[in-house]
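> Let me give you the structure first, and then I'll get to my questions.
Just so it is clear, none of the values below were taken in a lab; they were calculated from the coordinates. Everything numeric here is computed off the predicted structure, so don't read it as measured data. Counting neighbours? That spans all protein chains shown, and the Cβs are built from the backbone with ideal geometry, glycine included.
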Amino acid sequence: MRIHGSTIFIPGATSGIGLALAVALQQKGATVVVGGRRTGRLEQIAAEHGLGTVAIDTTDPASIAAAAEQVTAEHPDLDVLVTMAGIMRTEDWTTSGFAESATETVTTNLLGPIRLVDAFIDHLRTRPHATIMTVSSGLAFAPLKVTPTYNATKAAIHMLSESIRLQLSGTGVEVLELEPPSVATDLMPGQKESPFAMPLDAFVSEVVELVESHPDATEIQVENVKFLRYGEARGDYDQVVATLNRLDPHGS
Ligand SMILES: NC(=O)c1ccc[n+]([C@@H]2O[C@H](COP(=O)([O-])OP(=O)(O)OC[C@H]3O[C@@H](n4cnc5c(N)ncnc54)[C@H](OP(=O)(O)O)[C@@H]3O)[C@@H](O)[C@H]2O)c1
């Protein structure tokens, strides 16, 4: 993925990783439009950072369609879509009552990116070179016990990224999967304070450095995620799962 000179839309960037990444990419010479539901935050972000903003609820197909129309009309040179919006909920699957949370999680974390790609793919195909950046997690590769549906949606995003990359090979659209480890954001209560969470600035700096130094990468893995990402390949998966669930209530 090329940063300098590109035009990037990040739905899910009113806070956390999305916002920090948007600001860092802008500093590297990209034009960045951020999206989210909190319109007050969008106004504040436009004023503070001079980023473009679009109100969008990625659980609502009509909102996605309207945002896609607005972003591509205002930025016909849009060539990067980052499917950042996500939620993370704890669930107890040992008794009933988790279906509502699970449904919300699938709708946001899996259907959201699917609908976003559907809304933007025809436009991205018109560009000489374009990127879809998906956002999975270290938890796509090792499960955090307390967040079953979250883990499952992120594993699905990993496989979706692998699959659509095959379909889009030979077009000008590349698929780049960002695989964050635990990062200090407001994704879950207490996550920002977790001693296991990577500081947000350090995470985003490493991501930008990796994107710049590996423009043809298919996955962005900071050092901290490799413990989770490669447990199965290394042969220490059981130990990784045990350590993750013993140590980190906010593994993300
Ligand atoms: N932090 C971690 O440890 C970690 C690790 C692995 C992966 N990730 C992934 O990174 C992404 C960003 O998370 P974060 O840690 O930065 O958390 P965050 O600060 O809570 O940010 C989540 C963002 O998603 C947006 N969002 C949520 N639901 C949305 C919806 N229905 N429509 C539009 N936007 C929506 C929020 O904006 P509004 O509330 O304004 O809509 C917010 O901007 C998520 O996909 C998460 O799964 C995070």
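> If you place +1 on the Cβ of every Lys and Arg, -1 on the Cβ of every Asp and Glu, and leave all else neutral, what size is the dipole of the chain about its Cα centre, to the nearest 20 Debye? Could you put the intermediate results ahead of the total?
Working: 17 positive and 31 negative charges, 15 e Å.
Magnitude of the dipole: close to 80 debye.
> Mind scanning Lys28/Lys192; Lys154/Lys192; Lys154/Lys226 and naming the pairs with a C-alpha gap bigger than 24 Å? The partial results should precede the final answer.
Details: Lys28/Lys192 26 Å; Lys154/Lys192 20 Å; Lys154/Lys226 16 Å.
Distance filter (> 24 Å) returns Lys28/Lys192.
> Kindly rank 179-185, 44-50, 106-112 from highest to lowest mean number of other beta carbons found within 10 Å of each residue. Let's see the in-between values first.
On the way: 179-185: 24.4, 44-50: 13.4, 106-112: 20.1.
Result, highest mean first: 179-185, 106-112, 44-50.
> When ranked by the protection proxy of mean other Cβ atoms within 10 Å per residue, highest first, what sequence do the peptides 28-34, 233-239 form? Each step should come with its number before you reach the end.
Values: 28-34: 20.4, 233-239: 11.9.
Peptide ranking by packing, descending: 28-34, 233-239.
> Given a Förster distance of 22 angstrom, what is the FRET efficiency for Glu232 paired with Trp93, based on the Cβ-Cβ distance and rounded to 0.05? Kindly include the intermediate steps, with their values, before the conclusion.
Working: r = 23 Å, r/R0 = 1.03.
It comes out at approximately 0.45.
> Amide H of Ala130: which non-local residues (sequence gap of 5 or more, or other chain) have their own amide H closer than 5 Å, using H built in the peptide plane?
Those lying under 5 Å, H to H, from Ala130 are Val173, Glu174.
> On to the next question. Which residue, Ala30, Phe9, Ala55, has the largest displacement toward the positive end of the dipole of region 1-66 when charges sit on each Cβ (Lys, Arg +1; Asp, Glu -1)?
Comparing the listed Cα positions along the dipole, Ala30 ranks first.
> Would you pull out the residues with amide H under 5 Å of Glu219's amide H, same chain only if 5 or more places away, H placed 1.01 Å from N?
For Glu219, whose amide H was placed from the backbone, the distant partners under 5 Å are Glu177.
> Here is a follow-up. Taking K and R as +1 and D and E as -1, what net charge do the other residues with C-beta under 11 Å from the C-beta of Arg229 add up to? Please list the in-between numbers first.
Numbers: positive: Lys226, Arg234; negative: Glu177, Glu179, Glu219, Glu223, Glu232.
With Lys, Arg at +1 and Asp, Glu at -1, the net is -3.
> When the Karplus curve 6.51 cos²θ - 1.76 cosθ + 1.60 is applied with θ = phi - 60°, which whole-Hz ³J(HN,Hα) does each residue of region 141-158 get, with x for Gly and Pro?
Along region 141-158, the couplings run 10, 7, x, 8, 3, 7, 10, x, 5, 4, 4, 5, 5, 6, 5, 5, 5, 4 Hz.
> Could you line up Ile114, Ile220, Ile17 from fewest to most neighbouring Cβ atoms inside 10 Å?
Working: Ile114 14, Ile220 21, Ile17 25.
Exposure proxy ranking, most exposed first: Ile114, Ile220, Ile17.
> Sorted by average packing, counted as other Cβ atoms within 10 angstrom per residue and highest first, what order do 206-219, 124-137 take?
On the way: 206-219: 14.6, 124-137: 19.9.
The packing order, highest mean first, is 124-137, 206-219.
> Mind checking the dipole of region 190-252: about its Cα centre, +1 per Lys or Arg Cβ, -1 per Asp or Glu Cβ, Debye to the nearest 20? Mind dumping the intermediate values first?
Working: 5 positive and 12 negative charges, 58 e Å.
Roughly 280 debye for region 190-252.
> Magnitude of the Cβ-charge dipole of region 74-215, K/R +1 and D/E -1, about the Cα centre, nearest 20 debye? Mind dumping the intermediate values first?
Numbers: 8 positive and 19 negative charges, 74 e Å.
Rounded to the nearest 20 debye, it is 360 debye.
> Still on this structure, please answer the following. Report, in degrees rounded to the nearest 10, the 0 to 90 angle that the Cα long axis of helix 61-74 makes with the longest principal axis of the chain.
Long axis of 61-74 versus the principal axis of the chain: about 40 degrees.
> Find the relative contact order for the chain and round it to a whole percent, using C-alpha pairs within less than 8 Å whose residues are 6+ positions apart. Walk me through the intermediate numbers first.
Working: 469 pairs, mean separation 48.7, N = 252.
Averaging sequence separation for qualifying contacts and normalising by length gives 19 percent for the chain.
> Expressed as cubic angstrom per residue, what is the convex hull volume of the alpha carbon set of region 96-252? Numbers along the way, then the final one.
Values: hull volume 20.2 nm³, N = 157.
Enclosed volume per residue, from the Cα hull, is 129 Å³.
> Something else now. Could you give me D for region 203-250, from Stokes-Einstein at 4 °C and 1.567 mPa s, where the hydrodynamic radius is the Kirkwood radius over C-alpha pairs? Units µm² s⁻¹, please. Could you put the intermediate results ahead of the total?
Values: Rh = 12.2 Å.
Stokes-Einstein gives a translational diffusion coefficient of 106 µm²/s.
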